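J.: Here you go, one structure.
The values are calculated or read from the model by the stated rules, or taken from the named source; none is laboratory data. Source: prediction; values computed, not measured. So basically every Cβ, Gly included, is an ideal-geometry build from the backbone, and we count neighbours across all protein chains shown. Heavy atoms of the whole protein, side chains included, go into the accessibility calculation; ligands, DNA and RNA do not. Shrake-Rupley method; radii C 1.70, N 1.55, O 1.52, S 1.80 Å.
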Amino acid sequence: MLLTKISFCVLLILFGSSQQAYAQFNPNYASGRTTMVHLFEWKWDDIAAECENFLGPKGYGGIQVSPVNENVVVGNRPWWERYQPISYLLTTRSGNEQQFANMVRRCNNAGVRIYVDVVFNHMAADHSNVRGTAGSTANPGSKSYPAVPFSSTDFHATCAINNYNDANQVRNCELVGLKDLDQSKSWVQDRILDFLNKLINLGVAGFRVDAAKHMWPSDLKNIYNRLNNLNTEHGFAGGSRPFIYQEVIDLGGEAISKYEYTDLGVVTEFRHSAAIGRSFRGHDQLRWLTNWGPEWGFLSSTSAFVFVDNHDNQRGHGAGGGDILTYKNGKQYKMANAFMLAHPFGIPRVMSSFAFDNSDQGPPTTDGNNIASPRINADNSCSGGWVCEHRWRQIANMAGFRNIASGTNLQNWWDNGSSQIAFCRGNKAFIAFNNDNYDLNTSLQTCLPAGTYCDIISGEKSGSSCTGKSVVVGSDGRAHISIRQNEDDGVLAIHVESKL
Ligand code: 5J7
Ligand code: CA
């Protein structure tokens, strides 16, 4: 009896401490959820409604929101003004502190977590007439931001980043004129921690750390270690650590490596974005995806934060160049997202954009300044300048597929020697792709129990019928699969919950 008690205690301690060590790598999703969406430039009130009306019911796990703290107001309101902080007051074009707090509460109640994009490598660059979205003033020319307050002694000396082969320069100099904070200073760390811990207290589940490549891993470690545990009043287990995913753009060939950050938290895998784009654009045959993962030069699955496109590289700005797929590439984009969500590799984020035709363009507004709300149509799509990729049936249903397949292995890989591929996720789910310019029309092993299933890409289950293609699985698990070359989507997916 005593022995049992002792071994129970030892187990508890072991389990407790391993939780502690791993929690920074855990998105802290509500149970059964696996996928994050970036609601780029959305307003807090609109996000709260989206959690209740769509994201919660569809099984999404979380949302990356645009920066929440005061930013500089730039004349024509480009999207990137939000990456130029003036203070840590929670007032932006997305809403104020009370609206933010209310959104976090409502989303957590709907089972959907909030992750904040935090910008603390730098403060705003110099502009004529500096004013922030909360009304604060600053003088970037003299490195003065009184609403924090930060003054010149809190920053690195002025120098420009022009050589990415010099790690000291990349971390201690200014990225396109943005005033570079010195995160080794205790005053700077304390102001950053006040900001982050305030967000944790409001119920957020973690942070996207902007421009982590431009900060020293040792400074980041000190900051992360001083973060509070997540707020148990918002449904998080006691002792939960905030999820940390760091933006480190590393396609190789620079002084700084993504591997310098993997001990601290999860890291953005920009190679995944470039490679999935190249493959589904048809520049590589899909059969090569059979060893998708670290053999492609990617981080390990638990370290890799993956996405088809992000707010930066979708505009041709950031890493990946012409290979990146976006909402503008309808069919290939849906196929790439379906592959990312069906494949067990990595921690995925779906992008949700506003439409743009120029790379500086900000979100839709009502009057040139105030952000417009998305209009939601009867068929679930958005309008009013919002693309809402996360609402596309082919993408939303794949978030459900990933939840159902969670915990199973990829098995029964099939390909035609070219760009038709298929695989199972345990005995829970099956998916097939056709990126060849001829039909896929053959019998394949689905690994599913006998029955008739509804393809969740061409349609979905509606009561006892299917609005898309039906797939008949025999007692041997095999089914006839057809994806014609001229179909809208190029994917077919079924799972145990799409059985009719
Ligand atoms: C940093 C990198 O290490 C990198 O590899 C990369 O591809 C981009 C950046 C980068 O990060 C930023 C983070 C911020 O919080 C704020 C920023 O303004 C930037 C940023 O500007 C930035 O680099 C831009 O894009 C690169 C591809 C160019 O090489 C850079 O010169 C820079 O381009 C500049 O963009 C233009 O030179 C300038 O004329 C223009 O006004 C400015 C507009 O701002 C942005 O494009 C913001 C980009 C941004 C990128 C991010 O990854 C991000 O998380 C946030 C913003
Ligand atoms: Ca820096």
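J.: It is to be established whether one or more residues within the range 30-52 are within 16 Å of ligand 1 (Cβ to nearest atom), in contact with a helix residue (DSSP H, G or I) (Cβ under 8 Å, 6 or more places away or on another chain) and closer than 24 Å to GLY135 by Cβ.
T.: yes
To keep it simple, each residue is scored yes or no on (1) more than 30 Å from ASN76 (Cβ to Cβ); (2) at pLDDT 95 or above; (3) in a loop (DSSP other than H, G, I, E, B).
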residue	(1), (2), (3)
VAL350	no, yes, no
PHE356	no, yes, yes
GLY362	no, yes, yes
HIS390	no, yes, no
ASN397	yes, yes, no
ASN427	yes, yes, yes
ILE431	yes, yes, no
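J.: Could you look through the range 180-214, keep only residues that are more than 30 Å from GLY252 (Cβ to Cβ) and part of a loop (DSSP other than H, G, I, E, B), and pick out the one that is most open to solvent (accessible area, probe 1.4 Å)?
T.: Among those residues, the one meeting the criterion is LYS185.
Results for (1) free of Cβ contacts under 8 Å to residues at least 40 places away in the same chain; (2) open to solvent by less than 10 Å² (accessible area, probe 1.4 Å), shown as yes or no for each residue.
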site: TYR88; (1), (2): no, no
site: ARG93; (1), (2): no, no
site: ASN129; (1), (2): yes, no
site: TYR145; (1), (2): no, yes
site: TYR164; (1), (2): no, no
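J.: Given THR442, THR408, THR452, which one is in a loop (DSSP other than H, G, I, E, B) and at negative phi?
T.: Step by step, each of THR442, THR408, THR452 is checked, and only THR408 is in a loop (DSSP other than H, G, I, E, B) and at negative phi.
J.: Look at VAL306 and say whether it is within 16 Å of ligand 2 (Cβ to nearest atom), surrounded by 15 or more Cβ atoms within 10 Å (Cβ to Cβ) and aliphatic (A, V, I, L, M). Even if it seems obvious, please write down each step before you answer.
T.: Details: within 16 Å of ligand 2 (Cβ to nearest atom): no; surrounded by 15 or more Cβ atoms within 10 Å (Cβ to Cβ): yes; aliphatic (A, V, I, L, M): yes.
Taking the combined requirement at face value, the residue does not satisfy it.
J.: Applying the selection to the range 470-489, what residues are buried (at least 18 other Cβ atoms within 10 Å of the Cβ) and over 17 Å from GLN420 (Cα atoms)? Before you say what the answer is, go through the steps one by one.
T.: Quick first cut of the range 470-489, residues buried (at least 18 other Cβ atoms within 10 Å of the Cβ) only: 471, 473, 479, 481, 483, 489.
VAL471, VAL473 - these are the residues of the range 470-489 that are buried (at least 18 other Cβ atoms within 10 Å of the Cβ) and over 17 Å from GLN420 (Cα atoms).
J.: Something else now. Residues of the range 332-375 being within 16 Å of ligand 1 (Cβ to nearest atom), surrounded by fewer than 22 Cβ atoms within 10 Å (Cβ to Cβ) and among the hydrophobic types (A, V, I, L, M, F, W, C), which ones?
T.: Result: PHE356, single match.
J.: Right, here's the next one. Tell me, which residue of the range 451-494 that is among the hydroxyl-bearing types (Ser, Thr, Tyr) and free of Cβ contacts under 8 Å to residues at least 40 places away in the same chain is nearest to SER279 (Cα to Cα)?
T.: The first filter runs over the range 451-494 and keeps only residues among the hydroxyl-bearing types (Ser, Thr, Tyr), leaving 452-453, 458, 462, 464-465, 467, 470, 475, 482.
So of that shortlist, the ones also free of Cβ contacts under 8 Å to residues at least 40 places away in the same chain come out as 458, 462, 464-465, 467, 470, 475.
Details: SER458: 22, SER462: 33, SER464: 37, SER465: 34, THR467: 30, SER470: 28, SER475: 34 Å.
Across the range 451-494, the extreme among qualifying residues is SER458.
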